[in-house]
Amino acid sequence: MNVALILAGGSGVRLESDIPKQYIAVKGKTVIMHCLEVFGTHPQIDAVQIVAHVEWRESIHKQMPETVLGKFKGFSEPGSNRQYSIYHGLQDIMQYARDTDIVIVHDAARPFVSAALLTACIDACGEHDGVLPVLPMKDTVYLGDGGTITSLLEREKVYAGQAPEAFLFGKYYEANRCLIPDRIERINGSTEPAIMAGMDIAMIPGDEGNFKITTQADLERFKALLDT
């Protein structure tokens, strides 16, 4: 079984909107619906679990296309940070998934995820414990202390991680469980617990178009691309 864990519990603070970015309607559909449609129609996605606050759940459910409703397993409670939200989702998924199943973690605010990238993530888990799509760095990258440059990094060895990230469910659940209750609060990226646990994580090419809507400029870019 391949389970999509969709994260829709963010507050959208950086967008400076009264409505979290994933619930803003664009072209008659909320951002999260643009995202969910890809998972609903993908033949290798068997189940969908969504992390969302209670006040948004009825609205999400009412908007779901039939392709998603047929795979939808339930809602999970958001946590104090992104990784705690993932852990809550994993706990709920544990009720119906096996250790050898695959969980695909994705942000509702990345509506341009492609079916091809989903397929690549799932396929990579056939030979690895997990997979992270990455983009090469275009700019020179430095380390600093906030005021001065302290050292240089080799740009060829530095990558920007994207979602979706896919993992063997049992190993990834245990990697997160070991961080409870305090260390999980310091996790910034979904793949960090897997790396800390020594899981074999592959890198595959990401997609420039698979951007996350974080700022108003990102939202305007999304709207413009829908018009093309």
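We did not get these values from a lab; they are worked out from the coordinates using the rules stated. Computed from a predicted model, the values in this text were never measured in an experiment. Don't worry about glycine lacking a Cβ; one is built from the backbone with ideal geometry, like all the others, and counts go over all protein chains shown.
Of note:
- Residue, surrounded by the fewest Cβ atoms within 10 Å (Cβ to Cβ), within the stretch 110-127, restricted to residues that are among the aliphatic types (A, V, I, L, M) and assigned to a helix (DSSP H, G or I): Ala116
- Among (1) of a type outside the set (A, V, I, L, M); (2) touching a Pro at 6+ places or on another chain (Cβ under 6 Å); (3) outside any helix (DSSP H, G or I) - the single one Gly79 does not satisfy: (2)
- Residue satisfying condition, being under 24 Å from Ala25 (Cβ atoms) and loosely packed, with under 15 Cβ neighbours inside 10 Å, within set His61, His42, His106: His61
- Looking only at residues of the stretch 183-202 that are part of a helix (DSSP H, G or I) and touching a residue at least 60 places away in the same chain (Cβ under 8 Å), we find that the one that is farthest from Phe169 (Cα to Cα) is Glu185.
- Filtering Lys157, Lys223 for residues that are in contact (Cβ under 8 Å) with a residue 60 or more places away in the chain and charged (D, E, K, R) leaves a single hit, Lys223.
- Among residues of the stretch 179-228 being of a type in the set (Lys, Arg) and within 23 Å of Leu118 (Cβ to Cβ), the one that is surrounded by the fewest Cβ atoms within 10 Å (Cβ to Cβ) is Arg221.
- Residue match in the stretch 133-151 (condition: crowded, with 16+ Cβ neighbours inside 10 Å, touching a helix residue (DSSP H, G or I) at 6+ places or on another chain (Cβ under 8 Å) and in a helix (DSSP H, G or I)): no
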